[in-house]
Amino acid sequence: MNKHHHRRPDGIDPVARSRSRRRALQAIYAWQINHADERGLIAQFAHEQAHEVADLEYFEDLVRGVLRHVDTLDSALAPHLDRGIDEVDAIERAALRIAAYELSHRPDVPYRVVINEAIDSTKRFGSEHGHTYVNGVLDKAAVALRSVEVRK
């Protein structure tokens with residue numbers, strides 16, 4: 001893989017951001033299963049991330065943000081789910097929580113990028129049709145959380 005990714009004019013490396021989201025998905029998944037503490041979780045995955053090009057700062061923001069706002073994020077997702085959040089597959093639940101965090105707290109990231117990244121992560125790690133479910137939920141959540149941007 002090319003180590004010299006093309007950074008955007010704003011200095012963001014989209015490939016590194018994607019890797020950060022994938023690592024955050026794995027960290028949130030692990031937290032959902034074993035309820036590890038935030039610092040240990042970030043340290044474990046940050047160490048793994050040091051071996052590949054990733055946006056460590058973004059990874060930490062996603063993990064800390066989801067852990068600190070999980071109840072609010074789950075409440076924002078609830079009207080768009082066809083079941084309780086705890087009944088959603090763990091990978092899909094982690095992807096939805098990260099996307100809900102980005103939609104709510106990272107207005108610098110376009111909502112289409114948030115949705116596409118969640119779909120890609122779910123295709124990679126989730127169940128066979130999990131990405132379809134995540135897409136449907138996030139399409140509705142984006143309208144609620146980013147109504148001004150979605151209407152443009």
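So what is the relative contact order of the range 45-152, in percent, for Cα pairs below 8 Å that sit 6 or more residues apart?
Taking the mean separation of contacting Cα pairs over the length of the range 45-152, I get 25 percent.
Are there trypsin sites (Lys or Arg not before Pro) in the range 8-98 that DSSP marks as loop and that have at most 13 other Cβ atoms within 10 Å, and which are they?
83
Return one whole number: the accessible area per residue of the chain in Å², for a 1.4 Å probe.
With all protein chains present, the chain gives 54 Å² per residue.
Around residue 74, what is the net charge, scoring Lys/Arg as +1 and Asp/Glu as -1 over all other residues with Cβ under 14 Å from its Cβ?
Summing Lys/Arg as +1 and Asp/Glu as -1 gives 0.
Using a 1.4 Å probe on the protein chains only, how many percent of the accessible area of the chain belongs to carbon and sulfur?
The computed percentage sits at 50.
Please give, to one decimal in nm, the separation of the simple spin-label points placed at residue 12 and residue 108, each 7 Å out from Cα toward the Cβ.
0.8 nm
Loop-only GluC sites (Glu not before Pro) in the range 45-115, please: DSSP not H, G, I, E or B, and at most 16 other Cβ atoms within 10 Å.
Here the sparse-neighbourhood loop sites are 52.
Using θ = phi - 60° and the Karplus form 6.51 cos²θ - 1.76 cosθ + 1.60, what ³J(HN,Hα) does each residue of the range 89-106 get, whole Hz, x for Gly and Pro?
So the Karplus estimates, Gly and Pro as x, are 3, 4, 5, 4, 4, 5, 4, 5, 5, 4, 5, 4, 4, 4, 5, 7, 10, 10 Hz.
The values are calculated or read from the model by the stated rules, or taken from the named source; none is laboratory data. Owing to the predicted nature of the structure, the values given are computational and were not obtained by experimental measurement. With ideal geometry, Cβ positions are generated from the backbone for all residues, glycine too; neighbour counts draw on all protein chains shown. All accessible areas refer to the heavy atoms of the entire protein, side chains included, with ligands and DNA or RNA removed. Shrake-Rupley method; radii C 1.70, N 1.55, O 1.52, S 1.80 Å.
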